[in-house]
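Comments concern the structure below.
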Amino acid sequence: MYMYMPTQNMALKEDYGQAPNQPPTMLILFYKYSHGGRHRTLDGKLCTVIQYTANSATTKEWIWQAKGLPVRMQITSSQGTTTTDFKNYDFSDIPDSTFVLPAGVQIQSLGGIPTGLPTGLPTGLPAH
């Protein structure tokens, strides 16, 4: 993955070649979450619904069980509620040639994915 910053003529590179099949579940590490055995189908995808509170905001997420990705995220704070729906995931291969940085761009490598982190949804959750 490259994050291109044209005004700085620079790109940050992150190697996801050894990424796990599911993203790390940072919620387990940093937040208290509740599950309550809730499973819902949203946009045709079976989801596990989790909720956690951080920085005075409560976040509710619908996590697509088959892929470990969010389908919906709802954040409620003193300023109100914001809902974001994640749609049109596309898992097809994209040729590297599709993304070519301009000549002369300085590329800085970010260190890769941390190892040893838990992946997937929290363990010990009720079966669906």
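Before moving on, here are some points about what is shown:
- Tallying residues that are modelled with pLDDT of 75 or more, of a type outside the set (A, V, I, L, M), farther than 17 Å from Lys67 by Cα and part of a loop (DSSP other than H, G, I, E, B) within region 93-128 yields 4.
- Checking each residue in region 63-98 for being surrounded by 13 or more Cβ atoms within 10 Å (Cβ to Cβ) and among the β-branched types (Val, Ile, Thr) picks out Ile63, Val71, Ile75, Thr76.
- Restricting attention to region 41-64, the residues that are closer than 18 Å to Ile75 by Cα and out of contact with any Pro (no Cβ under 8 Å at 6 or more places or on another chain) add up to 14.
- Considering region 28-91, the qualifying strands (runs of 3 or more DSSP E), each wholly inside and each with 1 or more residues that are in contact with a Cys (Cβ under 7 Å, 6 or more places away or on another chain) and at pLDDT 85 or above, run over 39-42, 57-64, 69-77.
The values are calculated or read from the model by the stated rules, or taken from the named source; none is laboratory data. Everything numeric in this text was worked out from a predicted model, so none of it was measured. No Cβ is skipped: glycine too gets one built from the backbone with ideal geometry, and neighbour counts run over all protein chains shown.
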